[in-house]
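In what follows, a single structure is set out as structure tokens and then discussed.
The values are calculated or read from the model by the stated rules, or taken from the named source; none is laboratory data. What you see is a predicted model; the values in this text were computed from it and never measured. Here Cβ is always computed from backbone atoms with ideal geometry, including for glycine, and neighbour counts include all displayed protein chains. When the accessible area is computed, the model is the full protein with side chains, heavy atoms only, and any ligands, DNA or RNA have been set aside. Shrake-Rupley method; radii C 1.70, N 1.55, O 1.52, S 1.80 Å.
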Amino acid sequence: MDPWLIWLIVAAVLAVAEIFTLTAALGLLGAAALVTAGSAAVGLPLPLQFLVFTFVATVTVLFVRPVAMRHVFRPQVQRFGVDALVGKAAYVVSEVTGLGGRVRIDGEEWTARAYDETLVIPPGKTVDVMEISGATAIVYPRD
């Protein structure tokens with residue numbers, strides 16, 4: 001079996017393993033094996049193929065992986081859906097207690113419960129949305 005074909009198989013195996021692990025390291029090693037397959041196809045001897053693999057793998061793991069991981073773990077800039085409602089002000093439409101009530105958030109009416117179950121929040125008060133649980137806003141009065 002030709003050496004370039006062996007490197008190609010190694011690259012494919014590493015790429016498949018990366019799909020299951022999602023660490024970015026195995027994918028980069030697979031890329032190094034792919035580059036090495038190209039160098040083997042042009043006729044580099046085996047010791048130089050290992051040198052090419054070692055060099056490319058080292059460069060990608062040390063320099064490319066940290067940049068890729070920084071992009072993967074970047075904090076989400078904007079919140080969407082109900083997550084965007086957390087922290088917003090709401091207007092109490094009907095009395096809110098620990099059991100229920102109604103509030104208006106950005107023009108939409110929501111069922112609501114008081115964050116502190118002992119509180120009774122009268123209509124007309126402004127409250128802050130602490131969290132969204134299902135279709136219910138958990139609110140706390142502004143002071």
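Remarks
- Residue match in the stretch 5-22 (condition: buried (at least 17 other Cβ atoms within 10 Å of the Cβ), part of a strand (DSSP E or B) and touching a residue at least 24 places away in the same chain (Cβ under 8 Å)): no
- In the stretch 95-114, residue nearest to the chain's Cα centre (by Cα) [restricted to those that are outside any strand (DSSP E or B) and either surrounded by fewer than 19 Cβ atoms within 10 Å (Cβ to Cβ) or without any contact (Cβ under 8 Å) to a residue 12 or more places away in the chain (or both)]: Asp106
- Of the criteria (1) exposed (fewer than 14 other Cβ atoms within 10 Å of the Cβ); (2) in contact (Cβ under 8 Å) with a residue 40 or more places away in the chain; (3) among the acidic types (Asp, Glu), which one Asp128 fails: (1)
- Test for Leu44: is it over 30 Å from Ile132 (Cα atoms), modelled with pLDDT under 95 and open to solvent by less than 70 Å² (accessible area, probe 1.4 Å): yes
- Every residue from the stretch 115-143 that is part of a loop (DSSP other than H, G, I, E, B) and in contact with a Pro (Cβ under 8 Å, 6 or more places away or on another chain): Leu119, Lys125
- In the stretch 60-88, of all residues being touching a residue at least 24 places away in the same chain (Cβ under 8 Å) and open to solvent by 60 Å² or more (accessible area, probe 1.4 Å), the one that is farthest from Leu28 (Cα to Cα) corresponds to Lys88.
- Flag for Ala32 being modelled with pLDDT of 95 or more, among the hydrophobic types (A, V, I, L, M, F, W, C), surrounded by 14 or more Cβ atoms within 10 Å (Cβ to Cβ) and part of a strand (DSSP E or B): no
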